[in-house]
1. Of B:Cys192, B:Val524, B:Gly792, whose Cα points farthest to the positive end of the dipole of the protein assembly as shown (charges on the beta-carbon: +1 Lys, Arg; -1 Asp, Glu; origin at the Cα centre)?
2. Going by a ≥ b ≥ c, the root eigenvalues of the Cα gyration tensor, does segment B:885-980 fall in the rounded group (a/c under 1.5), the prolate group (a/b larger than b/c) or the oblate group?
3. In whole angstrom, note down how far apart the Cα centers of segment A:349-368 and segment B:780-816 are.
4. Assuming a ≥ b ≥ c are the square roots of the Cα gyration tensor eigenvalues, decide whether the protein assembly as shown counts as rounded (a/c under 1.5), prolate (otherwise, with a/b larger than b/c) or oblate.
5. Using DSSP to call loops (not H, G, I, E or B), can you name the GluC sites (Glu not before Pro) in segment A:1-81 whose Cβ has at most 13 other Cβ atoms within 10 angstrom?
6. Kindly provide the trypsin sites (Lys or Arg not before Pro) of segment B:583-691 that DSSP labels as loop, not H, G, I, E or B, and whose Cβ sees at most 16 other Cβ atoms within 10 Å.
7. Could you give the nm distance between label points at A:Glu237 and B:Asp564, where each point is 7 Å from its Cα heading toward the beta carbon?
8. How large is the dipole of the protein assembly as shown about the Cα centre if only Lys and Arg carry +1 and Asp and Glu carry -1, each at its Cβ, rounded to the nearest 20 debye?
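Values quoted throughout were computed directly from the atomic coordinates according to the rules given, and no laboratory measurement underlies them. Predicted model only: the values in this text are computed from it and were never measured. Glycine gets a Cβ as well: all are built from the backbone with ideal geometry, and neighbour counts include every protein chain shown.
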Amino acid sequence: MSWLRPRRLWRPAPLERHYEFVIIGGGIHGLATAYYLARTHGIESVAVLESHYIGFGGSGRNTAIVRANQRTVENVRLYEEGLKLWPVLTDELDFNLMFFNCGTLNLGHSEAAMNGIRMLASTHNLVGVKSEVLDPQQCAEVIPGLDLSDRPAFPIHGGLYHPPGGIVRHDAVVWGLAKGASARGVHIHQGCEVQGIDTSDGRVTGVRTSLGSIGCDRLGIMAGGYGSAVAAMLGIELPIHPLTIQAMVTHPFKPFLHTAFSSGAYHVYANQTLKGEIATGAHMDPQVNYTNDATAYYLKHQAEALVELMPALRGVRFMRIWSGLADMTPDMAPIMEGELGYEGLYLDAGWGYFGFKSGPVAGKYMAQYMASGERPEILAPFRLGRFLENRYSGETAAVMKYGHWD
Amino acid sequence: MSRLRPGETCRVDFSRPLEFSFLGREMTGYAGDTVASALYGAGVRIFGRSLKYHRPRGLYSMEGESANTFMSIDGVPNECAETTELRAGMAIEPQNVRGDPGRDRFGFLDAFDRLMPAGFYYHLFHRPYALWPLFQSGLRRMAGTGVLDPGAEYRNGVRTERYLNADVAVIGGGPAGMAAALAAGESGLRVCLFERRGRLGGQMTWRVRDFEGEPLYRRAGALAARVRAAENVNVFTRSPVTGVWGENLVTGFAVGTEDDPFRECHWECRATTVVVAAGCMDRPLVFNHNDRPGVMQVGTAWRLARTYGVRPGKSVAFSVADDLGLEAAIDLDDMGVRIRFIADARESGQQGPEVFDALCDRAIPFFPGCAVSRAVGRKRVRGCVLRSLKGGRSRRFRCDLLVANAGMQPRIGILATAKARLAYCTHTHGYQPTELPPGVFVAGSMTGLRDPRSIEASGRVAGYGVAEWCGGRLKSVAGARAPAREAEALPGPGAGCGIIHAPAIGRGAKAFVDLDEDGTYKNVKESIARGLDVPELAKRFAGFGLGPGQYRVAGQNLAMIMADLRGDPVETAHPTTVRPPLGAPSLATLAGPGHDVHKRTPLHSELAGRGAVFRRAGAWQRARHFGDDPSCRDEIRNVRTNVGVLDSSPLGKFRIHGPDALNALQRVYMSDMSKARPGRCKYSAMCNDMGQLMDDGVVVAEGPGDYYFTTSSARAGDTVEWFRFHTRHDDWDYNLVNLTDVLGSLNIAGPNARRVLERLTRDNVSNQAFPYLACRRITVGDGVEARCLRLGFVGELSFELHAPASYVPYLWDLVMEAGADFGIRPFGLEAQNCLRAEKGHVIIGMESEQRVTLTDIGMGWMWDREDTVSKKVGAPALRACDRQPGRLNLVGLRVEEGAKAPRDGTLVVDGDKIVGYVCTTRSSDTLGWQYGLALVHREHAFPGRRIHLCHEEAPGQRVTSTAFVMSPHFYDPRGERLRS
């Protein structure tokens, strides 16, 4: 009957002068890392510093789609483990994260897109992750109401159906992890803005915050869209472009969309939340910025795309639009690194718009990395050094350009 | 049910009855009714059921502030009855209920609220986990409201778009907005005035109070007439604003009129300045059972009577907190509605003695310092309980309508989307802007003004302020000072009421802070107890303000209640962020008429006439193939053995000239471009800073410092910016002109290409005079001069003619005529794709990707490694990873016979390891076997290596094959045919 006894999900904690581990960023990545540091590695002195309230950033602004249908095996393995963690965490945290295993469907709108989709399906099935290439009719069986005619500017050629995917209640993940971390002794400090990082003899020694200085032995930068700005406090330049990415919801409806779908050609992805709204996300704004501003352009763009894909959506209305930051790397794969020139400094950044689906699994391995000092094998592909070697991860085929030419 | 006859304020035309149906029952409304007023007028009191507890809900608000009256109208779900105009024949059904909302089978849920505290679902249903999907599907079915049929068509009326431009956008057509529009218009500014309702005047349109010798509605009417007549003022009624965005972009939509209800228009107005005069709305009073049908806002009851001529109730109790509420009660009494009592949450501060006199005259009991603490009655209000705010005994009254509010609150939505900084004002007890963005002005009752003269004056002040801000054009800026002086002499913002909630709240009854999501006062407490103690977190945890009404019902109250419960001063309360769009535009309206923006080549109709099947390729519609064979075997054979013609017009075509043209070319191209010569095509490629292939094409020198060059079709649009960006620090003098759309082109390819060309021109096109890679200007037909480039992308003798786009159809006719004897036929993109793949020519994006550099795909030969002065884009990266192990390389494949055919996208595997993939593979009639172009790890990329291919497009359906690695130049590897 615990649900009838409202108890604090996480306890307020006194700000101590020194913690063994300090995590910058009270989003899913930071909280998950803190949780696993305490849970798996038995570390008792961990603080999470959040400048606003926990889940303020991308953790509470994404469209909550989770999946493991990436392009390269290295990524698929990581995200697959991430997918399997949702039920485990739900049980461990005793907090219902509302994982809705509805599957995802990526639509292909050209022969080239279908070639890419075939490669994805083969890659997934080869490593044991279920995916299936669908023809247009099969797509319409998964998503009733898709327009299969030649009328749309980009007619549907087929799709990639990925049954293991789904949606998760994003705020619940933040609160559940905070609950679990707090119960294991992690101190969560909200309204604590990091203003500087102290080092001495090539070691990280602490952080200066709006609430005072805090000493630490190991420091994790897990600040989502603000990761590169925090790293810059130490003069570390990261190949990250923070871009706003917008999302919106419609009025709520009884369930009619039973699978999350996306379309690269239209730059749109959508799912129906458990509450019945259609939550839909757009492409990123092209300008590098930290504003979290929504724009009228995307509201219209999204409507144009959705009604072409599914004409019945002409009957729905948008209720709310918001935006968050996506920390884009040139190869759309993250940077998880412990060799940044300062002993005790760890970085988990550059997740772009994949930060939500990867949160718990990234936290699990970042905790292992930070606790042991040894890079876990599964994180090897996500070294920062790959950019220096001009060895891109291949997570996206297209040559990326963000804002300006590079 | 009888209607009132309210006179001139009424917008309903009782001479025009409209028949409609509710739940299949025939009802009558009148022209000018909204769906909500018609239903209420026809006696409907329960409009639907609430989301979580399935409590009966009635007409509460008038502008969609709550979702109480969301209905299915003519099959369209989630239509707001309050803002939808009634039309004859409408079929209206309630939502989230089966059958009559008066008898709902889920009504029992209301009794189980104790089991459903805020966020209860986070603590339930997950153990054992196996049962979760079952609960989840139940939760999904219970959630949501309207029913959408994914196969149905909705809102198929005309959709248009307007893009406006104004010096000032005035938002709100009330007295302040109208005064602002007039003042700005008189100053010579171009004004757009946007009003959500069908007519101007705001709340003045239903107020009959005498003011300076005439009723307020007439005063507003006179002002409206002046606005309509004003030269520079464009009035847009029925036009809700959805938001003010960056740089004062104002967006909204215009809803259809009665005559043309389905016509909706999406509009955007780029305004130099914005005047926000959005007015006020009721701040809901939070008390026990404040959601019962029969509890409504002051504005709702008043407008029902005055605007729609609907008797709101027979015996009405008022619990208000400002003078407007008193005025409404007195006015209703004058219309013959019995007022049981008026409670005013304020102890004092009411308007002068005339209000008290008016109450005495009418013998209406008046209770200052009191508020209604409870509504009595389950399915509709039958009475209420009144309490003093200071405690003490309660009194019970019978009534059938309970009109309640906690005073008025400013409509902050538009200001919030404009990113004004807002703070709680302890005088007006509403959120007031403390900092306005550049060019944004605010006026009217939303600033707390109550006196009609002050409201109008504030509009004039804003109007002249705008004129001053816009600068220059104003004839008499000095005149702008006068309204400010005038406004100062008038009464300022009135004192508001800071009541947070009614007394005796809770105590086993539900007091709703948010109606749409069934968020109660108790839920606020529960959120705080969980540690989710600021409005932003409570909103996410318990859903406050997440329903269709958004911030309108919960916004200010939630912030005040949370501050109160935490023991903080109320002025520290921050409401949740207001998100656009404010007026809930439909996707149909936002999407507009749906333009498919694409380019057609100059030969589009010629190709269509020959049976072309078009596909979108970037911005273009291009012929994929001709006829009904998607594999294009005949098209391919015809090029290999005879002659074909391709419409290559989308090819990027540029001229660069000027003293630094060569420098610029050296910067972006990988080859030594100083070797580009007149009359000869130099093939080269561009890379990005990572050495990834961006583009390829040929460059021809046409004179000193004058070059013509081509790019791939996909890159044509980006090329000018690419040059400019990569030479931005050099201050170079060159002109770069994009000729892509100006010039069309067609490619004559095949062993008989020269024989066709010879018939078109008298110029010498023999192999000696016009060798491979030559470029000449030739005269074709009746004197059309064309650039002719002898290239070989498809691996055959071929001539590409570039000529002004308008001449290209003529050239096409000539070519088809001249080639008729040879059996010339057009070929499309797919044939070209196969032909070039057989030749081993790369298409960017098909055989190149992020992981591979120019050298990785075997094109490193063109890179001028010795050049260290041009700073070639990508050269440092190429140098850095020149001999790096583990990279992907481009190879050719010969698929072993008898194996199951691989497809584009098939993987190259080594055991269970993926070591590459097949980019393009076809079974070739020309070669007699299946070839492929693949990117594979360097360790496997040597000729003769046997590799394994595998694809598994569905779980368990694995297809494997084997292939031998070879040079990708399968066809004519020595290039003899190109040079023949």
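1. Going by the charge dipole, the pick is B:Val524.
2. Working: a/c = 2.39, a/b = 1.45, b/c = 1.65.
Cα axes put segment B:885-980 in the oblate bin.
3. The two parts, judged by their Cα centres, are 56 Å apart.
4. Values: a/c = 2.08, a/b = 1.64, b/c = 1.27.
Because a/c hits 1.5 or more and a/b exceeds b/c, the protein assembly as shown counts as prolate.
5. Working: sites: A:Glu16, A:Glu20, A:Glu44, A:Glu50, A:Glu74, A:Glu80, A:Glu81; in loops: A:Glu16, A:Glu44, A:Glu50.
For GluC sites (Glu not before Pro) across segment A:1-81 that sit outside H, G, I, E and B with at most 13 neighbouring Cβ atoms in 10 Å, the list reads A:Glu16, A:Glu44.
6. Values: sites: B:Lys599, B:Arg600, B:Arg610, B:Arg615, B:Arg616, B:Arg622, B:Arg624, B:Arg633, B:Arg637, B:Arg640, B:Lys653, B:Arg655, B:Arg667, B:Lys675, B:Arg680, B:Lys682; in loops: B:Arg610.
Here the sparse-neighbourhood loop sites are B:Arg610.
7. 5.6
8. Working: 158 positive and 149 negative charges, 665 e Å.
Magnitude of the dipole: close to 3200 debye.
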